[in-house]
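Below is one structure, written out as structure tokens; the observations come after it.
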Amino acid sequence: MPSEVQKWFRLTLLNLLIVAFIGVLLRYKIAFSLPFIDQKFLLHGHSHFAFAGWITQALMTLMVAYLVANGQAEAFKKYKTLLIFNLITAYGMLCSFPVQGYGFFSITFSMLSIFVSYTFAIEFWQDLKKISENKVSMLWFKAALVFSVFSSIGPFSLSYMMATHNLHEKWYLSSVYFFLHFQYNGWFFFACMGLLMHKLEEFGVKSNALKRVFWYFFLACIPAYFLSVLWIPIHLSIYMLVVISSIIQLVGWFIFLNTIKPYRETLMSGINRTGRILMLLAGVALTIKLFLQIGSTHPQLSQIAFGFRPIVIGYLHLVLLGMISIFILGYAFSQKVILSGKSAGIGLFIFVGGIIINEIALMYQGVEAMEGESINAIHKYLFAIAIVMFGGILVLVRSQFIKTKNESR
């Protein structure tokens, strides 16, 4: 019979399938026409559900499994209600945003989702205190929880502006980017690094350098927010802080890679092939992201990047799909949370291949747009790529339920 973590993670894979399906609908509407669907409303539903229903649900599930691995055997019973409530708020946003955009029900479910994250942060922090050994992974998890709570300042700022009818474009976008930054560069990234550190700890990797890497990323995370709003005039001192934070993150990443280098053979032999490949791809995506961050500190490059939508979308997909999602899947495979097999491998290969092709297409579209040109039928190509990614996840999800059904007989 599948374990508790496998049962919960299968639900998150179903949510990823829904995210991919909505991605197909969005691409179809751009390439062809779906007049009865509001593109902006559907996009809100897509992004909110991807954050809460896929990434947050997956991270919560894997973090609860971390507690189980550290002696808290009843952790899934304790967190069952929270995991269910997070799903309810995620599905609530999925259903309400496409219908009304930012309206009463969608905002209500969004606020409830934030309160679920608050409760999870408090409970998980308390449970981390029960772990007797002082582990580096715990630092990353604590920071992830802090940034998860901190990111909610963005939505609350938006709510205040809407309530007071004082909605200025710069403040509106600044609040949106505040939430996005501390979600994917804070909560998502630090939780993933906590899971990665847990994996390294399982193999006996211990080094003071890993603590130093944590502090580099933690201290750089807050000023790095201004990377998202460089299109707003900022003081020279803040700009210099942004540049330094970008460099510090890159330095921290290379210190991390150098620290684990002596353990390469142990890690290669101890992590299954699928998990190993996915984690390596996620590492490549992170490396590209860190270099792009440094590049974006150049004023002219920053203006170009924020001025062309395909580049912005390509960057967000690089982080959320290429880095975060691929890492989550890789970690799940390495921990045998996802049942391996031929069908699962094929589905994963198709999905990851679609992500890579999608990134190339988006970046190429952005470069062509900067030169004042457009690619014929690009939107149809992106629609086809979205179908490929959906098909890959469909095969992967099907493999998990068929295998589980066979095992239960």
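Derivation of every value follows stated rules applied to the coordinates shown; laboratory data play no part. Fair warning: this is a prediction, and the values are worked out from it, not measured in the lab. Here the Cβ positions follow ideal geometry from the backbone for every residue, glycine too, while neighbour counts run over all protein chains shown.
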Legend entry - Percent RCO, i.e. relative contact order, over region 15-82, from Cα pairs under 8 Å lying at least 6 residues apart: 30 percent
Inset, instruction - Could you calculate the contour length gain from Asn166 to Ala384, that is, 0.36 nm times the residue separation minus the distance between their Cα atoms, to one decimal place in nm? - result: 74.4 nm
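Counting helices only, and only those DSSP H runs with n ≥ 4, report the 222 nm mean residue ellipticity of the chain as the sum of -39,500 (n - 2.57) divided by its residues, in deg cm²/dmol to the nearest 500.
Numbers: 18 runs with 313 residues, N = 409.
My calculation for the chain gives -26000 deg cm²/dmol from helical runs alone.
For Ile238 and Lys80, calculate 0.36 nm times their separation in residues minus their Cα-Cα distance, and state this gained length in nm to one decimal.
On the way: separation 158, 0.36 × 158 = 56.88 nm, distance 4.31 nm.
Gain on stretching Ile238 to Lys80: 52.6 nm.
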Inset, instruction - Using only Cα positions of region 13-141, each an equal point scatterer, no hydration layer, compute I(q)/I(0) via Debye at q = 0.14, 0.17, 0.20 Å⁻¹ and quote the log10 values to two decimals. - result: -0.67, -0.87, -1.06
Legend entry - Cα centroid of region 19-38 to Cα centroid of region 96-119, whole Å: 22 Å
Legend entry - Contact order normalised by residue count of region 1-156, Cα under 8 Å, 6+ apart, percent: 22 percent
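What do you get for Rg/Rh over region 211-286 if you use C-alpha atoms and the Kirkwood form of Rh?
Details: Rg = 16.2 Å, Rh = 14.4 Å.
Rounded to two decimals, Rg over Rh is 1.13.
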Legend entry - Per-residue HN-Hα couplings for region 30-42 [Karplus 6.51, -1.76, 1.60; θ = phi - 60°; Hz; x = Gly/Pro]: 6, 6, 10, 6, 9, x, 7, 10, 7, 4, 5, 5, 5
Legend entry - For region 203-345, alpha-carbon Rg and Dmax in angstrom: 17.6, 55
Inset, instruction - Would you compute the Debye intensity of region 241-281 from its alpha-carbon atoms alone, equal scatterers and no solvent, and pass along log10 I(q)/I(0) at q = 0.19, 0.31 Å⁻¹ to two decimals? - result: -0.66, -1.00
Inset, instruction - Express in whole angstrom the spacing between the alpha-carbon centres of region 257-301 and region 140-161. - result: 26 Å
Legend entry - Scaled radius of gyration (Cα, divided by 2.2 N^0.38 Å) that region 99-171 gives: 1.46
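How large, in Å, is region 120-230 by the Kirkwood hydrodynamic radius built from its alpha-carbon pairs?
On the way: mean 1/r = 0.0655 Å⁻¹.
About 15.3 Å for region 120-230.
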Legend entry - Tyr102 versus Leu280: modelled label distance in nm, points set 7 Å from Cα along the beta carbon direction: 4.4 nm
Legend entry - Residue order, fewest to most beta carbons within 10 Å, for Ile378, Ile385: Ile378, Ile385
